[in-house]
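Structure record follows, encoded as C-alpha cells.
Derivation of every value follows stated rules applied to the coordinates shown; laboratory data play no part. Keep in mind it's a predicted model, so treat the numbers as computed, not measured.
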Amino acid sequence: MDSNFSHKVWQEVELSKMVKGGIPYPMVADLGGKIGTLYGVYDDVKGVDVRGRFLIDPDGIVQAMEVLTPPVGRNVAEVLRQLQAYQHHQKTLELMPSGWQPGKPTLPPETETLTRAGHVWEIWKPDLAF
Amino acid sequence: MSVQVGREAPTFTAQAFHQGKAKDINLADYRGKWLMLCFYPADFTCV
C-alpha cells in the first residue's frame, strides 16, 4: 500500500535492524490498492491490502495462494514447503500428499493414480499429515 | 478479474523500493523464476 518513501523509512528505521542490510527483495508501492484489487486482496472499506500471498511459477502461473485478514501473520515454513513440493512435482510429476516434506513419501504421477486407487493407505498414513 | 490457481497471474507495472533505490517493476520480468508476491496492510505492521 505504502509509498516508496514509507518503504525507505521502514527499511532504515526498523527492517535493517532485524535483517542485516534490510530485506533484499523489492517492496512495491501499491498506491490506491490497484495491484491488490487485481489480486482480490484490497479491502476498500479499510483502504488496505489484506495479507495475501501468491506463489507464481516460472511460466507465470499462480500455483498457490493464501489470504488472511490483518490480525494474523503468515507461516514462512509453509510457503517454503509448498515451493519445494511444486518444484518436486514439476521435475518428477509425482504428487505430494497432505503434510508432505522433502524426503517423505510421494504418490505416483496422476496417470498411475487410478490403477492405485484403494492402495494409497499402503503408502500414506494420517500421521504423515502433520 | 480475480486470481485463480492454475491460471496466469495478472501482470502489472509499479514503482518499487529495492536496494536503496526506486525502480519500476513489471511482474513479467520474473518469468523463468519462481516468485512470491506478498501483500500486507501497511509498513510498520507485522507481515
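Descriptive notes on the structure:
- Under a 5 Å amide H cut-off, with hydrogens placed 1.01 Å from N, A:Gln63 pairs with A:Leu55, A:Ile56, A:Asp57, B:Gly6 among residues at least 5 apart or on other chains.
- Spatially close lysines, pair count over chain A: Cα under 25 Å, gap of eight or more or interchain: 8
- The HN-Hα couplings worked out from phi for segment A:43-57 by the Karplus form 6.51 cos²θ - 1.76 cosθ + 1.60 (θ = phi - 60°) are 8, 7, 7, 7, x, 9, 7, 7, 7, x, 9, 10, 9, 10, 7 Hz, whole numbers, x standing for Gly and Pro.
- Shape category assigned to the protein assembly as shown from the gyration tensor of Cα positions, a/c cut at 1.5: prolate
- Chain A, helix-only ellipticity at 222 nm - DSSP H runs n ≥ 4, -39,500 (n - 2.57), divided by all residues, nearest 500: -7500 deg cm²/dmol
- For chain B and segment A:1-78, distance of Cα centres in Å: 8 Å
- Nearest-ten-degree value, helix A:76-92 long axis tilted from longest Cα axis of chain A: 50 degrees
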